[in-house]
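*Asks:* My questions will all concern the structure given below.
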Amino acid sequence: MPGAVAQDTAPDIVFEHATVIDGTGTPPRKNVTVAIGGGRIISIGQSVKPAPNARVIDATGEFLIPGLWDMHFHLDPQGNALHTLVAYGITGIREMYSRIPIATLEAWRARPENPRIAVPGFLDGPLMRTSDLTPDAFAVGKADEARLAVNLLRASGADFLKVYNSLPRDAYFAIAQESKRLGIPFAGHVPEAVSAAEASEAGQRSQEHLLNILLACSTREEELRAQRIFTMNDPAISAVDRALELGFPNPQGLFESYDDTKAAALFRIFVKNGTWQTPTLALLQSFVADRDRARRTVYMQDLSPEVFDGWMARIQALLDRYKKLVRDMHRAGVEFLAGTDTGPNNPVPVGIGLHDELELLVESGFTPIEALQTATRNPARYFGTLKDMGTIEPGKLADMVLLYADPLDDIRNTRKISAVILRGRITQ
């Protein structure tokens, strides 16, 4: 990150009479002036004499919030989603591997009109088939292969490593050890052969989709885990059916075996280790809310009407239960990131999905400011970049969204965008 802006930097843009919701959790500041110069915030609240060529914006009745991050996103191969993301106030994404080369992602994020991008390398087990269509990805089955892959991906420029379902235990723990040694974080799916608690203790930075959290809280954990491992490895199960069964687990046997004591112990482990959760509730909601769009996905397009209806009922049941799970974890002090799993193979609409996720988090017990922080301050804390981003404070990067309604009154007001400021430039 570049250094702080000099005190005598002339403002390029001045917002006057704005209400600033800075993302720190402090009360909004009303009727203040925010000056931007050199891509950073110069000052807040003090009177500023604009330079002759500065743009002055009367923000009376409008609200400035930090730029939003979608912390679980899959770009399309052409990067067509990038412009749409910015239009919806999303100034950064954690790209969670979409078979796009690291070099391409680095080139995209260097363009000033594009959101900031955290770039992944990808690691899965021997079930993954690698080819020229899976750049910067490794299928590893043994510890030594895993260590080599971590080194190669770090050398290739990956910001972090994404781990996936079929990683064997030995390979997974070798990834954890080598990542720690090299100082590159790893995140993603907790492999089926590893428990959520073990992944947390091993240093996995975030766990995605709430996968296997209910399983980890079940009195039948070992039995149900064995069933999932069988599903993952059964050659008679197609790749699409496997993805459905593992991604949307059967509530039968899972919901009724949930144990509050086991859950509380697991949540304490997450809090102790600073393990973040990215629930991607918007993914489940998108399946059930837009059945036509869901029907067109690769996962659903060949299902009979009866089977399709059965999956919709299962996903709705999981969504309802996950919202309660998120509420309980949040109350226990577990940290959360807003992410959507938007991508070419999912029905989540680009950009809109993140605003849906914030609304779902409020429905799950978050206050509006707490939900907003999962897409602003929390990503900066997660990345270790809070000194540069995540809140609206002097010296920080000027990534902001101007709203014409108060998101603290109604979180759905994050959709009411008047302007987006990215890298100190107004994009709309």
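Only the coordinates and a few stated rules stand behind these numbers; no lab work does. Since this is a predicted model, take the numbers as computed values, not measurements. Quick reminder, even Gly has a Cβ in these numbers, built from the backbone with ideal geometry, and neighbours come from all protein chains shown.
*Asks:* Treating only the Cβ of Lys, Arg, Asp and Glu as charged (+1, +1, -1, -1), what charge dipole size does the chain show about its Cα centre? Round to the nearest 20 debye.
*Replies:* Numbers: 45 positive and 52 negative charges, 183 e Å.
Computed about the Cα centre, the dipole is about 880 debye.
*Asks:* So what's the back-of-envelope 222 nm ellipticity for the chain, counting only DSSP H runs of four-plus at -39500 (n - 2.57) apiece and dividing by all residues, rounded to 500?
*Replies:* Values: 15 runs with 156 residues, N = 428.
So the calculated ellipticity at 222 nm is -11000 deg cm²/dmol.
*Asks:* Here's something else I'd like to know. Select from Gln207, Ala313, Leu325 the residue farthest towards the positive end of the dipole of the chain; place +1 on Cβ of Lys and Arg, -1 on Cβ of Asp and Glu, and compute about the Cα centre.
*Replies:* Among Gln207, Ala313, Leu325, the one farthest towards the positive end of the dipole of the chain is Gln207.
*Asks:* Let me know the shape class of segment 357-428, please: from the alpha-carbon gyration tensor, a ≥ b ≥ c as square roots of the eigenvalues, rounded when a/c is under 1.5, otherwise prolate if a/b is greater than b/c, or oblate. Let's see the in-between values first.
*Replies:* Values: a/c = 2.48, a/b = 1.22, b/c = 2.04.
Here segment 357-428 falls in the oblate category.
*Asks:* Another question about this same structure. When a footprinting reagent is the concern and you count Cβ atoms within 10 Å, what order do Ile421, Ile102 take, fewest first? Mind dumping the intermediate values first?
*Replies:* Details: Ile421 26, Ile102 18.
Taking fewest neighbouring Cβ atoms as first place, the list is Ile102, Ile421.
*Asks:* Taking 0.36 nm per residue of sequence separation and subtracting the Cα-Cα distance, how much length would be gained by fully extending the chain between Arg295 and Leu127, in nm to one decimal? It would help to have the intermediate numbers written out before the result.
*Replies:* Working: separation 168, 0.36 × 168 = 60.48 nm, distance 2.68 nm.
Here the answer is 57.8 nm.
*Asks:* Just to be sure I understand the model, the point goes 7 Å from the Cα along the line to the Cβ. What's the resulting Gln316 to Arg111 distance in nm?
*Replies:* According to this spin-label approximation, the distance is 4.1 nm.
*Asks:* How far, in degrees from 0 to 90, does helix 169-182 lean away from the longest principal axis of the Cα atoms of the chain, to the nearest 10?
*Replies:* Value to nearest ten degrees: 30.
*Asks:* I'd like the orientation of helix 221-233 relative to the chain: the angle between its Cα long axis and the longest Cα principal axis, in ° from 0 to 90, rounded to 10.
*Replies:* 90
*Asks:* Still on this model: Quick one: compute the contact order of segment 132-188, relative version, from alpha carbon pairs under 8 angstrom and 6+ residues apart, as a percent.
*Replies:* 42
*Asks:* For a Förster distance of 35 Å, can you work out the FRET efficiency between the beta-carbons of Ile237 and Ala405, rounded to the nearest 0.05? Mind showing how you got there, number by number?
*Replies:* Working: r = 48 Å, r/R0 = 1.36.
Taking R0 as 35 Å, the efficiency between Ile237 and Ala405 is 0.15.
*Asks:* Dipole of segment 119-194, Cα-centred, from +1 at each Lys and Arg C-beta and -1 at each Asp and Glu C-beta, to the nearest 20 debye? Write down the numbers at each step before the final one.
*Replies:* On the way: 8 positive and 9 negative charges, 38 e Å.
With only Lys, Arg, Asp and Glu charged at Cβ, the dipole is about 180 debye.
*Asks:* Let me ask something additional. For segment 1-122, calculate the relative contact order in percent as a whole number, restricting contacts to Cα pairs under 8 Å that are 6 or more residues apart. If you can, show how the numbers build up before the last one.
*Replies:* Details: 224 pairs, mean separation 25.4, N = 122.
So the answer I get is 21 percent.
*Asks:* Quick one: helix 352-363 against the long Cα principal axis of the chain, what's the angle to the nearest 10°, folded into 0 to 90?
*Replies:* Helix 352-363 and the main axis of the chain meet at about 80 degrees.
*Asks:* Please find the FRET efficiency linking Lys324 to Ala51, where r is the Cβ-Cβ separation and R0 is fixed at 56 Å, and quote it to the nearest 0.05. Numbers along the way, then the final one.
*Replies:* Details: r = 53 Å, r/R0 = 0.95.
Efficiency at R0 = 56 Å is approximately 0.60.
*Asks:* Cut-off under 30 Å on the C-alpha distance; same-chain residues fewer than 8 positions from Lys323 excluded. Which lysines are left, in chain and number order?
*Replies:* Here the lysines satisfying the reach criterion relative to Lys323 are Lys162, Lys262, Lys272, Lys416.
*Asks:* If we count other beta carbons within 10 Å of each Cβ, what is the order of Trp311, Trp69, fewest first? Could the numbers behind the result be given before it?
*Replies:* Working: Trp311 17, Trp69 30.
With the sparsest Cβ surroundings first, the list reads Trp311, Trp69.
*Asks:* Further, regarding this structure: Here are several values of volume of the Cα convex hull per residue in Å³: [x] 154; [y] 137; [z] 331. Which one was derived from the coordinates shown?
*Replies:* [y]
*Asks:* Shifting gears a bit: Among Phe122, Ala187, Ala176, which residue has its Cα positioned farthest towards the positive end of the charge dipole of segment 119-194, with +1 placed on the Cβ of Lys and Arg, -1 on the Cβ of Asp and Glu, and the dipole taken about the Cα centre?
*Replies:* Positive-end residue among those listed: Ala176.
*Asks:* Could you grab the relative contact order for the chain? Cα pairs under 8 Å, six or more apart, rounded to a whole percent. Please report the intermediate quantities before stating the final value.
*Replies:* Details: 901 pairs, mean separation 84.6, N = 428.
About 20 percent, as a whole number.
*Asks:* While we're on this one: When Ser238, Ser304, Ser98 are ordered from fewest to most other Cβ atoms inside 10 Å of their Cβ, what list results?
*Replies:* Details: Ser238 11, Ser304 8, Ser98 17.
By the 10 Å Cβ count, ascending: Ser304, Ser238, Ser98.
*Asks:* Cα-Cα pairs above 17 Å in segment 119-194: how many percent?
*Replies:* On the way: 895 of 2850 pairs.
Tail of P(r) above 17 Å: 31 percent of Cα pairs.
*Asks:* Out of Gly23, Gly125, Gly310, any idea which swings most in a Gaussian network model of the chain, alpha carbons joined below 10 Å?
*Replies:* Gly310
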